[in-house]
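For reference, the structure discussed in these notes is given below.
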Amino acid sequence: MSFFEVFDPAFKSFVMGNAPVKNLAGGFDWTEGPVWFGDANCLLFSDIPNNRIMRWSPGAGVSTYRQPSNFANGHTRDREGRLVSCEHGTRRVTRTELDGSITVIADSYDGKRLNSPNDVVVKSDGTIWFSDPHYGIMTNYEGYKSEQELPCNVYRVDPSDGSIEAVLTDFNCPNGLAFSPDESKLYVADTGRMFGSDPQHIRAFDVDASGKLTGGNVFHVISPGCADGFRLDTDGNIWSSAADGVHCISPNGVLLGKILVPELVSNVCFGGRAKHQLFITATTGIYAVTLNRKGAVLP
Ligand code: MG
């Protein structure tokens, strides 16, 4: 079988026809939030319903990195290489310091508790941007069922003074988010309440030098499935979760091709020796495929 579906000839040069989509590990309940630590040669990812963060490394396989994880979901690294995590259970975003201690980045806005931070990115100026839909407090499956106190916004935190600002307030449910490699664009998915006619698209915002956002038109509609999580390569192509695998979307919003994955995909990240591998979290498993592309990620 082929692991790829090509819609644009350009996509043929992005993939290698003989590179498999490999299942690296399985037996989880809902994997999410992959993040690559090149200096430790390992991948961290969440197994949200089992309240744990797992570690996978080539040769060594899978071990538990943190349990309980406060039902952690999305992760990223800041510019100093520290782990930044969204936690449903504690309704907060945290940073894991190099000595292992935990610093709370944000847990409230305007005197009210956040919903359940979902996905997070760090800009080169150190500011931390995260989505706060209510998925993690809707049931006890991926957190603790609780009352929603705030709309589902996107926030920016400046860790130098702890200030938090609601930068996007017109979403149904913001989810995956990522900057373009030159940080002139911020892409944010709206995945709705996961019912029928709710939006399943990615919006694109222009980012000015001060970090202010303008625009926000629908950039691409994901089908089938939703943009739960995505990351970009160094040429600005978006590699996004979808129901049938990973969709590769050009900087113009055109679907170029798909990586077919046998389970529902939640998120992706680039990593590996040359940042040329795409790690994929998909329901009960994690997968990887080597691409002829390089991710816009830290060393
Ligand atoms: Mg997500």
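Across segment 48-53, coupling constants 3J(HN,Hα) worked out from phi with the 6.51/-1.76/1.60 Karplus curve, θ = phi - 60°, read 4, x, 8, 6, 8, 10 Hz, and Gly and Pro carry x.
By other beta-carbon atoms within 10 Å, ranking Arg82, Arg77 with the fewest at the front produces Arg82, Arg77. Cross-link partners for Lys123 among the lysines, with Cα-Cα distance under 17 Å and sequence neighbours closer than 8 places in the same chain left out: Lys185, Lys212. Taking a straight Cα-Cα cut-off under 17 Å and skipping sequence neighbours fewer than 8 places away in the same chain, the lysines within cross-link reach of Lys275 are Lys22, Lys294.
Fewest-first ordering of Leu186, Leu255 by other beta carbons within 10 Å of each residue's beta carbon gives Leu255, Leu186. Look at the alpha carbon pairs under 8 Å that are at least 6 residues apart: their mean separation over the length of segment 185-232 gives a relative contact order of 36 percent. Panel order for His247, His276, His220, by other beta carbons found within 10 Å of each beta carbon, from fewest to most: His276, His220, His247.
Each Lys or Arg adds one and each Asp or Glu subtracts one; over the other residues with Cβ under 10 Å from the Cβ of Glu5, this totals 0. For the chain, the percent of C-alpha pairs falling in each 10 Å distance bin, counted from 0 to the bin holding the largest distance, reads 7, 31, 39, 20, 3, 0.
Taken about its Cα centre, the chain carries a charge dipole of roughly 700 debye when the Cβ of each Lys and Arg holds +1 and the Cβ of each Asp and Glu holds -1. Loop-located GluC sites (Glu not before Pro) in segment 136-223 (DSSP state not H, G, I, E or B) with no more than 10 neighbouring Cβ atoms inside 10 Å: Glu147. Summary value for the chain: 17 percent relative contact order, contacts being C-alpha pairs under 8 angstrom separated by 6+ residues. Considering helices alone, the calculated mean residue ellipticity of the chain at 222 nm is 0 deg cm²/dmol, with DSSP H runs of length four and up weighted by -39500 (n - 2.57) and normalised per residue.
How about segment 248-294: which trypsin sites (Lys or Arg not before Pro) there lie in a loop by DSSP and see at most 13 other Cβ atoms within 10 Å?
Here the trypsin sites (Lys or Arg not before Pro) that fit, given the DSSP loop and packing criteria, are Arg273.
Read the figures in this text as sums done on the coordinates, not as results from a lab. In this text, all values refer to a predicted model and were calculated from it rather than measured experimentally. Virtual Cβ from ideal backbone geometry, glycine too; neighbours counted across all protein chains shown.
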